[in-house]
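Bear in mind these aren't lab numbers, they're just calculated from the coordinates by the rules spelled out. Values in this document were obtained by computation on a predicted structure and should not be read as measured data.
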Amino acid sequence: MKKCRLFFASSVLALAITGCASNKQPMEVSNIVPGAQGTVSAKSAENDNTELTVKVQHLAPAEKVSTNASNYIVWIQPEGSRNFQNVGALKVNDDLEGIQTTTIPYKRFKVLVTPEPGNMAQAPSGPAIFEKQVYRQ
């Protein structure tokens, strides 16, 4: 009986730890596209980097959200910095869904998604559609 209780307690603890390891968090969405939904997850990667994944649903094409926009850009702003870094384009498919994954060297940062006229933007120019402050353990 004691072994059974120990196994049960270990199983419950393993499930609790796995549940806590899930780091998918909802992003704040702008009232420009109130029906859109987005999540961000950040997990530890090789060399203490962070693997960042941004997923969106129900997001209208960028050209319908902002004049002259052709796509969405994912930006990060490392904690303590005033500058944003372009970490890639977020491609939205015909089902209005998109995903973008990248590796960054930061544990604490802000994520923005903005409509932009091109992939090579140096700073956010469009309104923030999604926003989230991220703290990776």
Can you work out the base-10 log of I(q)/I(0) for region 30-87 at q = 0.16, 0.24, 0.27 1/Å, using the Debye formula on its C-alpha atoms alone?
-0.68, -1.13, -1.21
Rule-of-thumb Rg ratio for region 23-135 [Cα; 2.2 N^0.38 Å; N residues]:
0.99
